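All remarks here apply to the structure that follows.
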Amino acid sequence: MSVQDPDLIFAKIARRYDLLNAIISFGRAQAWRRKGVEELPSGRVLDLGSGTGAAAPVFGDREVVALDPVPEMLRLSPIAERVVGVGEDLPFEDGSFDGVFSAYVFRNLDSVDETIAEVARILRPGGRLVVVGLGRPKNRFLAALHRMGSAIVLPVVGALIGASDEYRYLHRSLDKLPPPEEMFADQPLRLDRAWRMGPLGFVYGVALTKE
């Protein structure tokens, strides 16, 4: 496998991942998660791409199931119910969740469309998918500026933990997907809301509902 394999990347940096996220987000990663969780219903929620369970403190009294393809990440999670799996093939029954939350994960999926179809299957009617993700700013000039900055900053930050190659991958992954306003517009779930956060608006949030 290449170093570009996302599962290998996150297995290698599992114990340092949350610290690096905090540095790269200027300490705002959890606040951006919290903003997304505010859009979720109560009840049973799947944390898709849960990683080390960093979102656990912001879920409140919801019943949370953590799913991630990387066992090394899940082993560090405080969430009690943990499942190794991928978004494109969710190991759950139809209509078994009130909400699905996913933060900083969608650019690492093999297929966004297959994952959303699976999410639609496991959601109950009226259930919601909330995604918080990273991309480029909407403005073309700001996107170019952000691209130049991340090409320098991410490998430097990665070098601090001996993972500069892995963080070069993260820089490139920011250009992998179309803007969220396009990516989530024609899906089996209704796009209710899209918003931007972070410096230059490089963090996005979307909320979608199963009708």
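Just so it is clear, none of the values below were taken in a lab; they were calculated from the coordinates. As the structure is a prediction and not an experimental result, all values here were calculated from the model. In this analysis, Cβ positions are derived from the backbone assuming ideal geometry, glycine residues included, and neighbour counts consider all displayed protein chains.
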* State the extension gain, in nm to one decimal, for the chain segment bounded by Phe141 and Glu88, taking 0.36 nm per residue of separation less the distance between their alpha-carbons. => 15.7 nm
* Structure fact -> Computed ³J(HN,Hα) along the range 123-128: with the Karplus parameters 6.51/-1.76/1.60, θ = phi - 60°, integer Hz and x for glycine or proline, the list is 7, 6, x, x, x, 10
* Structure fact -> Once phi for every residue in the range 104-120 is put through the Karplus expression 6.51 cos²θ - 1.76 cosθ + 1.60 (θ = phi - 60°), the whole-Hz ³J(HN,Hα) values, with Gly and Pro written as x, are 6, 10, 4, 6, 9, 6, 6, 8, 5, 4, 5, 5, 5, 4, 5, 4, 4
* To do: Rank by packing, highest mean first: peptides 55-65, 120-130, 74-84, with packing defined as the count of other Cβ atoms within 10 Å averaged across residues.
  => 120-130, 55-65, 74-84
* Structure fact -> Diffusion coefficient in µm²/s returned for the range 101-145 by Stokes-Einstein, Kirkwood Rh over C-alpha pairs, 25 °C and 0.890 mPa s, is 199
* To do: With a 10 Å radius around each residue's Cβ, average the other Cβ atoms per peptide and rank 99-105, 133-139, highest first.
  => 99-105, 133-139
* Asked: To the nearest 0.05, what FRET efficiency results for Arg124 and Arg190 with a Förster distance of 22 Å applied to their C-beta separation?
  -> 0.90
